[in-house]
Amino acid sequence: MGYLGLTAQEAEERLKKYGYNELEVKKKITWFNILVRQFVSNFLVWVLIVAMAISAYIGEMLNFWMILFLIIFVIMMGFVQEYKAEKAMESLKKFIQYKTQVIRDGWACEIFSKEVVPGDILVLKMGDKIPADAKIITTSGEFKVDESILTGESNVVKKSKEDLIFAGTQVVHGACKSTVINTGMKTELGKIAEMVEKEEEKTPLQIKIHNLGKTLSFVALLACILIFSFGIFMGAPIYSMLMVALALAVAAVPEGLPLALTLTLSLGMHNMAKHNAVVRKMLAVETLGSVTVICTDKTGTLTKNEMTVEKIYVNGEFYDIGTIDSESKEYILKEGKKIEPDEEKNLILLLKAVSLCNNAQITSPISPETIETDMLGDPTEVALAVVGTKIGLWKHNLDAEYLKIHEIPFTSKRKLMTTVHRINDNESIVFTKGAPEVILNTCKFIEKNNEIEEIDGSTIEEILMTNSDLAGSSYRVIGVAYKKISNYDIDNLNDNIIEKDLTFLGLIGMIDPPKKGVYEAVKSCKKAGIEIIMITGDGEETAKAIGEKIGIYTKDEDENKINDSDIVKNIIKKGTIVGTELDSLSEDEFDIIVDAVSIYARVVPEQKLKIVKSLKKKGHIVAMTGDGVNDAPALKIADIGIAMGKKGTDVAKESSDMILQDDNFATIVEAIKIGRNIYENIEKFTCYLVSHNFMQVILIAIGIFIFGFDYLPLLPLHILFINAVGEELPAISLGMSPVRKEIMDKPPRKTQNILNKMNLYLVSSLAIFMTVVVFGVFIFSNPLENIEYARTMAFSVVVGMIIFNTFNFISLDKSIFKIDYPLNKMLIIAISFIAIITIGILNISYLKEIFKFASLNLKDWIICIIASFSTVIFMEFIKIHNKFKNSNK
């Protein structure tokens, strides 16, 4: 029967009507969006804008221009880094345009997949990616499709006439013609893509920085209003009060915070990219460091998404094919030792059988290194073809040696496949593979130790028991048999006779195996206090088998600690749950078991959302990894979604916060290290900056109340220099601190403000101590007699404290004398630059005049250095106090 398909004109009209066959990106981020975000999300910038306006009003133009420059610099740095990140993601999203064969005007032709329209007739063959939802018209041979990208299950699905096939899935066996019924966003793939179109949720770091910005802005505003009102009430001149308000506003705001944060996150992004983790959103970099639970799909994420033979049963003995703990994956092992092929004739015959009774195709010149990627076909048949290569049995050589002359195809009803191959002019050989119980029904004999004997009931029972044990361990088991026939009898044999009186060879057990490095990655995560939860569409037993191999699956035998229903106790005790059980639980019951279960099996996308939401409700910071379309909704709602770069769909990538370019679960561990380090660095420079700014606010306030409005210890210009130059570079250098060795030895940080109780105690204590020291030096310098000299002394002490505190804040808990962190070259450069430029300002006449400084002698310098160094002693005391306090909790 011939098919004309659409005409060129009809296709063009439908393309205009339905649009391109591609998924829509509804929310495209532009450069303008990124620029606006720098203003909207940053309270500190707005406080600086107010300070700039005050400077202009009172005629302090030097202050005005310095503040303006600082605002522009901070905004542009944030803009440039985020814009670069978005551009990098756009480059990542570009992929090769796939082509599809369709029938138009009665002729088969190739077009770009995005040009497929409803009504097109698709011509699909093994290996093709299905471009749109379609209904099958005809099939050739057994037509099978890999739908794991939609369902999450690694099993292929057989399709027949009138069945539907879906966009994004792949043909693994046979061929078909089908009529397109839906394209683009109307496909099943598109419907799932629509599920993830929602407002972006803020990351934990966004919330913390947002709250901190609001707090600091509120402090600045409140201090300005109170002191300004007090000054007016006391009759102070308006000019003096505006100067005071300006000084307080500038002192209260750590101008270096936005830039230090931007650069720290940017550096984190680059470091992650070097380790094959591409971050789509800058503020998501830190989130990994706070993750308490990783929800991961099994197929294609923890496992290879390809069947692999692991067990062979021949002559009553087992052979292993490089299990997860084996260092010799390239060999077939017997009792842990490499076999000698010449001594294993029955094994060799079985491996020849499964390679020859096999329709997997070689798509390019083959070599031991490329065998797995150069085979095309049903994953089961590819796995069977590959296993022979472990001892040098290459399918293309066997096909040439044993010419196939007949085939009885596999059907789901027969559960068998048989091929006949010519050995020589007189003899041929029959190979059959299929379901073990069906294979045994065709066998009259069994080959043991190179001798053929009749198979008896006890032997059949033993084989069936072995099959049951393998299946119970989640292996897909294939039985293999053969017999030799005379070439003279072939023409007289029908299919029923060919598949009769066979000789049983053995069993093959295969599984979708874990990826390399996953076991170690899971172990590292558990050491770091991060729970791993497997969420999969596969069956419970299959998931448990993989979970045990990689260290995820554990049972909680102590059911008495859960005071709840029997069903909850049972689920927690076995450590797994299937989708149907999940639906039977009430919301309260589910909240109890959600993080006590390590494996969720037979789960649909809507249930993945339920799991992630419940985990977040219990206070977890949730990461979700995945590659299929079915993972996209959960990737979107998780605190951080992690998509696979190679096998991941466009929908999954678009929904994610981070993409693993190497599809390696182990890469997550490295990303977590970097994420944790980023958080620690942010915590360090935030405490560093806030402590200094608190000190400046208290210093100005005390100076006003003791000496009045005309004797400020520091002028706005001094504070601007301290904040913009003196504090900015050390803060940035602290943000670039390298990863320490023990970063993964602690549990994840709880969701809390960066200025938690311990840090707030450190910051406030240090701020008060520094204020006392600086103000003491200020009073000692007699400001009423020589205000410029007193301000110069106060300024010098503050800058000295900046230098010493940079070393103090390398660690918030370790002594400065016991720090064994890797050398931070940026920190040395920063404090050296500050020391040089400060000496220049204090000694160059032109600069001294601008800053209104006096000259200092050797005695003055000694006083300033001793006063500055006192912060080191005080900080050591604070660290000891915090350590002692935490140890007694």
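The values are calculated or read from the model by the stated rules, or taken from the named source; none is laboratory data. Remember, it's a predicted structure, so these values are computed and weren't measured experimentally. Reconstructed Cβ throughout: ideal geometry from the backbone, glycine too, with neighbour counts over all protein chains shown.
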- Message: Considering only segment 692-711, I want to know if a residue exists there that is crowded, with 21+ Cβ neighbours inside 10 Å and either within 13 Å of the chain's Cα centre (by Cα) or more than 30 Å from L226 (Cβ to Cβ) (or both).
- Response: no
- Message: I'm trying to understand the selection: among the residues of segment 183-228, which are at pLDDT 75 or above and closer than 30 Å to I149 by Cβ?
- Response: T183, G184, M185, K186, T187, E188, L189, G190, K191
- Message: Go through (1) free of Cβ contacts under 8 Å to residues at least 24 places away in the same chain; (2) in contact with a Ser or Thr (Cβ under 7 Å, 6 or more places away or on another chain) for E742 and report which single condition fails.
- Response: (2)
- From the list F32, F64, F79, pick out the single residue that is touching a Ser or Thr at 6+ places or on another chain (Cβ under 6 Å) and either modelled with pLDDT of 65 or more or at positive phi (or both). F64
- Being over 30 Å from K746 (Cβ atoms), β-branched (V, I, T) and part of a strand (DSSP E or B) narrows I533, I508 down to just I508
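Tell me which residues, restricted to segment 112-128, are among the basic types (K, R) and in contact (Cβ under 8 Å) with a residue 60 or more places away in the chain. Write out each step before concluding.
So in segment 112-128, the residues among the basic types (K, R) come out as 114, 125.
Scanning segment 112-128 gives a single hit, K114.
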- Would it be correct to say that I659 is within 30 Å of E742 (Cβ to Cβ) and either modelled with pLDDT of 85 or more or not in a helix (DSSP H, G or I) (or both)? yes
- Message: Go through segment 843-857 and report how many residues are farther than 9 Å from T792 by Cβ and either not in a helix (DSSP H, G or I) or not assigned by TED's automatic domain parsing to the domain that holds M793 (or both).
- Response: 2
- Is it fair to say T667 is over 30 Å from M758 (Cβ atoms), at pLDDT below 80 and among the hydroxyl-bearing types (S, T, Y)? no
- Tell me, which residue of segment 133-157 that is at pLDDT 90 or above and in contact with an Asp or Glu (Cβ under 8 Å, 6 or more places away or on another chain) is surrounded by the fewest Cβ atoms within 10 Å (Cβ to Cβ)? K135
- Query: Counting only residues that are under 52 Å from the mean Cα position of the chain (by Cα) and surrounded by 15 or more Cβ atoms within 10 Å (Cβ to Cβ), which one in segment 836-860 is modelled with the lowest pLDDT?
  - Reply: F851
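For residues that are modelled with pLDDT under 80 and out of contact with any Lys or Arg (no Cβ under 7 Å at 6 or more places or on another chain), scanning just segment 339-363, find the one that is surrounded by the fewest Cβ atoms within 10 Å (Cβ to Cβ).
D342
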- Note on the structure: (1) part of a strand (DSSP E or B); (2) surrounded by fewer than 24 Cβ atoms within 10 Å (Cβ to Cβ) all hold for L124 apart from (2)
- Task: Could you check, for segment 753-773, whether at least one of its residues is under 18 Å from I704 (Cβ atoms), in the same structural domain as I873 (by TED's automatic domain parsing) and either in contact with a Gly (Cβ under 9 Å, 6 or more places away or on another chain) or in a loop (DSSP other than H, G, I, E, B) (or both)?
- Result: no
- Message: Residue under question is L729, and the condition is that it be modelled with pLDDT under 80 and out of contact with any His (no Cβ under 9 Å at 6 or more places or on another chain); does it hold?
- Response: no
- Any chance you could count how many residues in segment 110-121 are under 33 Å from the mean Cα position of the chain (by Cα) and part of a strand (DSSP E or B)? 1
- Can you run down the residue pairs with Cβ atoms below 7 Å, 6 or more apart or on separate chains, where the first is in segment 406-423 and in contact (Cβ under 8 Å) with a residue 12 or more places away in the chain and assigned by TED's automatic domain parsing to the domain that holds I498 and the partner is among the hydrophobic types (A, V, I, L, M, F, W, C) and in a loop (DSSP other than H, G, I, E, B)? K415/A435; L416/F410; M417/C357; M417/F410; T418/C357; T419/C357
- Note on the structure: When every residue in segment 480-533 that is of a type in the set (K, R) and in contact with a strand residue (DSSP E or B) (Cβ under 6 Å, 6 or more places away or on another chain) is compared, the one farthest from F445 (Cα to Cα) is K484
- Message: Within segment 466-484, take every residue that is at pLDDT 90 or above and in a strand (DSSP E or B) and give me the one that is surrounded by the fewest Cβ atoms within 10 Å (Cβ to Cβ).
- Response: K484
- Query: Taking segment 611-640 as the search range and keeping residues that are farther than 17 Å from E531 by Cβ and at pLDDT 80 or above, which one is surrounded by the fewest Cβ atoms within 10 Å (Cβ to Cβ)?
  - Reply: I637
- Task: Would you check which residues across segment 398-421 are of a type outside the set (A, V, I, L, M, F, W, C), surrounded by 14 or more Cβ atoms within 10 Å (Cβ to Cβ) and over 16 Å from H173 (Cα atoms) and list them?
- Result: D399, Y402, K404, H406, R414, T418, T419, H421
- Query: In this structure, is S474 in contact with a helix residue (DSSP H, G or I) (Cβ under 9 Å, 6 or more places away or on another chain) and closer than 29 Å to E548 by Cβ?
  - Reply: yes
